[in-house]
Structures are given as structure tokens and as C-alpha cells.
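Enquirer: After the C-alpha cells below, expect a handful of questions from me.
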Amino acid sequence: MAHYDLIVLGTGGIGSAALYHAASRGLRCLGLDRFPPAHDRGSSHGESRLIRLSYFEHPDYVPLLRRSYELWDALDPSLLTRSGILYAGPAESDTIRGVLASAEQHGLVVEKAEPKDFPQYVIPEGASAVFEPDAGWLPVESCVRAHLAAALNHGAEHRWGETIEGWRERDAGVQVSTDRAAYSTDRLVIAGGAWSSQLLAALDLPLTVTRKHLHWFECEDPRYRHGFYIELAHGQFYGFPAQGGRLKLAEHSGGERIDDPLCASREQDPNDDRHIDAFVADHLPGVKPARLDHATCFYTMTPDADFIVDNYPGSERVAFAAGLSGHGFKLAPALGELLIDRVTGTRSDFNTGFIGLQRFTA
Ligand SMILES: Cc1cc2nc3c(=O)[nH]c(=O)nc-3n(C[C@H](O)[C@H](O)[C@H](O)COP(=O)(O)OP(=O)(O)OC[C@H]3O[C@@H](n4cnc5c(N)ncnc54)[C@H](O)[C@@H]3O)c2cc1C
């Protein structure tokens, strides 16, 4: 049986970053996945992901976000485009209050924006708007490939086309079994995305998987050069700078709960289409109503929409990231590094209590 210093289960957004951090520390490591690099069957595909610092979800993400900015730039400076993001919503909304609170607590640059200065977005009467110049976007598939390529350059092995069937801790380490082989390892990192409940079955994690939709519309209007995140009374919508005559957008709220990500439909959902078409018609006057493309993707939600990144209970050599709740990609480098710190006994100064497993087991 082949033996490794460290094995990563799942080499999507987070696992590819973990594999790179393990390999760059000189560990002999293996990454395993069912699908090929940067595939479109999980949660890390669809051209782009927003990245932002003034984090309305929770201010404690900000130090991890700062580290992620550093690590993305170090991995390849062409990955992160600082296009700026416009946030809009009622002054007391989670989005606006959260952005301002994070910015104040961490001294981040955000500018109060006048809706009239951004006429390409129709912002509801009386709403507040804030512009964050350092926010931007990442090319998601290129990021996964970049982490895997950097891991391989440092000597990591990557095997895809293998389905992980189980793992178990033994006195001397951890054994992993797939449909093709068995492996042993001193340390294990689990980053299974929408399949986390299966790979961590004994923990009975409170995760739900939802099917989400991405839409591309025709847009030649050069004013759409920023990202945007707009909170309305009936939901939150976000989008990316237009590129090559296409603008990508999606609804963050909602989503259809699914049981088996391998069997979920990849077709459009009339309900989601209706929300998106109405948003385009009502709020993006320079975007043409013609839909050019569509894709589906999975959110893996926790009850409080914060991640779970922790050691496996009672284990110093197994750690996992799960329940990234539709906002984890931007943090992949810092989470990958944190997971490797966790299984190598490396001190980390980040406050991670807010993403600890304990909040669901206490
Ligand atoms: C539509 C959409 C929009 C999003 N927008 C943003 C955004 O703008 N900004 C942001 O930061 N985040 C965003 N996110 C969230 C972010 O993309 C995810 O949190 C992140 O990509 C999850 O990475 P992951 O590694 O957990 O999952 P994945 O990348 O899916 O990786 C999990 C891997 O594990 C493998 N695997 C699982 N089980 C097995 C098994 N038994 N055998 C073999 N392999 C297995 C899978 O094949 C997969 O490759 C968005 C997500 C979606 C769906």
C-alpha cells in the first residue's frame, strides 16, 4: 500500500490549495478526486468568483481574507483583478451594515457611493451604496489549475478518476480506500465540497446542498466594469464586470435543496430564470435581455452560513473544511494553509472560533 505524509480528499477549490500548501512545505502528498481538475460537477466552476475584504458575513473573516489576497498574488499575480465592487441595499440591511462594520473594525477602504454616479445599476429609491475599490474577482478554474500545477511542481501527486469510498484512523496513521486502491498516510485533509456529509458521515454535520444557477447575458456597455452585490427586499443579486460582450450574474439567495449532487439536474430552473430576468430588466438597463449561457453549481450551507473548518474531533492528524455556504472560494488559499497548519501542529494566529465545529456540537 502506497504511503504518504499527507493525503487531500477532494481537489476542488479548497483541496487544491491545501495540496499546494502541503507540497510547498516539503511533505510527500497525494490529492484524490473523482473528477478531473477544474471540473464543472461541484462548486468551483463557472468562470469567476467575487473576492472582497469588507466582509458583511462576519468581520472575523477579514484577517483570513487579507492573507488570501497575499497568497493569490503570490501564486500568480494575474489571477486577482481588482475591479472594485459596488454594494447597494437599505441602510439597515445585512449587506450595508455588515460592509461598513467590517471596514470600520479593520480599517478597510470603502467609499460611500452616490447611486447617481453608478447609473448602469438602478438602485431602489432611498437605498445606500458603498464602493470597495480593492474588491474584485478571480477566474475560478484557472485558480484551481494554478494551485494544482504549483502543488505538482513541489512534488505532489494528483490522481483523479478515483472515487473515495472511506477513510479510517489507525494507531499508526490513516487509511484511505477508493474504488481503485488503498493508501496510508500520516495526515489527512478532507475538502469534499457538496459531498462533505458523505466523507464525514460520522459527524452528522448540519449541511444542506442547494442547486444554484449562473447566467450570462449580452452586454457591450463599457460602464459595467465593476462587480456588484445588490440586496433587494426579495433577495440578493450579484454580478461581474462585463467581458467580451458577456455579463455574468446570479442570485445568492434561494436555491433548490437537493439530496444527491451526482444526480442533480443541470437544466435551467424557470423560477430562478424569472428572478434573474426581472432583475436584469429592472436593475441593469445596459444589459440586453438575451441570455447567452447558463450553468448550475452547488452551495453547501451550514445553518448560520459560516464555514466549518476544524480538526476532526479528537484528532490532530485529520482536518476538514465543509459547509462553505456559497462564499468560500475567495478564501481558498488561506483555508488551504490553515488546514495544513492544523494537521502539522503549526501555530496559526487566526481567530477561527467562528468557523469551528464546536458551535454545532456544544
Ligand atoms: C453559483 C456559485 C457562485 C459562487 N460565488 C462565489 C463567489 O463569488 N465568491 C466566493 O468566494 N465563493 C463563491 N461561491 C462558493 C465557492 O465557489 C465554494 O465555496 C467553493 O468553490 C467550494 O470549494 P470546495 O473545495 O469546498 O468544493 P469543490 O470545489 O466542489 O471540491 C470538492 C471536490 O471533492 C471531490 N469529491 C467529493 N467527494 C468525493 C469522493 N467521494 N470521491 C472523489 N472525489 C470527491 C469533488 O469531485 C470535488 O472536486 C460560489 C458557489 C457557487 C455554486
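Enquirer: Outside the structural domain of Ala91 (by TED's automatic domain parsing), within 15 Å of the ligand (Cβ to nearest atom) and touching a residue at least 60 places away in the same chain (Cβ under 8 Å): is that true of Leu200 in this structure?
Expert: yes
Enquirer: State which residue is farthest from His294 (Cα to Cα) when the search covers only region 40-84 and only residues that are in a loop (DSSP other than H, G, I, E, B) and free of Cβ contacts under 8 Å to residues at least 12 places away in the same chain.
Expert: Out of the qualifying residues, it is Pro77.
Enquirer: Pull up region 240-271, narrow it to residues that are aliphatic (A, V, I, L, M) and in a strand (DSSP E or B), then point me to the one that is surrounded by the most Cβ atoms within 10 Å (Cβ to Cβ).
Expert: Across region 240-271, the extreme among qualifying residues is Leu247.
Enquirer: Please give the number of the condition Ser54 fails out of (1) buried (at least 19 other Cβ atoms within 10 Å of the Cβ); (2) over 16 Å from Ala149 (Cα atoms); (3) touching a Pro at 6+ places or on another chain (Cβ under 7 Å).
Expert: For Ser54, the failing item is (3).
Enquirer: Related question: Can you work out which of the residues in region 283-333 that are surrounded by 19 or more Cβ atoms within 10 Å (Cβ to Cβ) and of a type in the set (Asp, Glu) is nearest to the ligand (Cβ to nearest atom)?
Expert: Ranking the candidates gives Asp306 first.
Enquirer: Determine whether region 251-259 contains at least one residue that is out of contact with any Lys or Arg (no Cβ under 6 Å at 6 or more places or on another chain) and hydrophobic (A, V, I, L, M, F, W, C).
Expert: No; the residues of region 251-259 include none that is out of contact with any Lys or Arg (no Cβ under 6 Å at 6 or more places or on another chain) and hydrophobic (A, V, I, L, M, F, W, C).
Enquirer: Any idea which of (1) over 22 Å from the mean Cα position of the chain (by Cα); (2) among the charged types (D, E, K, R); (3) at pLDDT 95 or above is the one Asp117 doesn't satisfy?
Expert: (3)
Enquirer: While we're here: Run Ala182 past the list (1) in the same structural domain as Gly336 (by TED's automatic domain parsing); (2) in contact (Cβ under 8 Å) with a residue 60 or more places away in the chain; (3) near the ligand (Cβ under 9 Å from one of its atoms); (4) not basic (Lys, Arg) and report the number of the one that doesn't hold.
Expert: (3)
Enquirer: Is there a residue in region 217-239 that is of a type in the set (Val, Ile, Thr), surrounded by 20 or more Cβ atoms within 10 Å (Cβ to Cβ) and out of contact with any Pro (no Cβ under 7 Å at 6 or more places or on another chain)?
Expert: Yes, there is a match, as at least one residue in region 217-239 is of a type in the set (Val, Ile, Thr), surrounded by 20 or more Cβ atoms within 10 Å (Cβ to Cβ) and out of contact with any Pro (no Cβ under 7 Å at 6 or more places or on another chain).
Enquirer: With respect to Ile123, is the statement that it is β-branched (Val, Ile, Thr), closer than 14 Å to Phe228 by Cβ and either touching a Ser or Thr at 6+ places or on another chain (Cβ under 9 Å) or in the same structural domain as Asp40 (by TED's automatic domain parsing) (or both) true?
Expert: no
Enquirer: How do the pairs read when you match residues in region 107-124 that are on the phi < 0 side of the Ramachandran plot with residues anywhere that are assigned to a helix (DSSP H, G or I) and among the acidic types (Asp, Glu), using Cβ under 8 Å and keeping only pairs 6 or more apart or on different chains?
Expert: Val122/Asp282
Enquirer: Restricting to region 9-31, name every residue that is farther than 18 Å from Leu71 by Cβ and near the ligand (Cβ under 6 Å from one of its atoms).
Expert: Gly10, the sole residue that qualifies.
Enquirer: Restricting to region 313-348, count the residues that are free of Cβ contacts under 8 Å to residues at least 12 places away in the same chain and of a type outside the set (Gly, Ala, Ser).
Expert: 3
Enquirer: Please note which strands (runs of 3 or more DSSP E) are completely contained in region 151-211 and include at least 2 residues that are touching a helix residue (DSSP H, G or I) at 6+ places or on another chain (Cβ under 7 Å).
Expert: In region 151-211, the matching strands (runs of 3 or more DSSP E) lie at 182-190.
The values are calculated or read from the model by the stated rules, or taken from the named source; none is laboratory data. A quick note: this is a predicted structure, and the numbers were derived from the prediction, not measured. Counting neighbours? That spans all protein chains shown, and the Cβs are built from the backbone with ideal geometry, glycine included.
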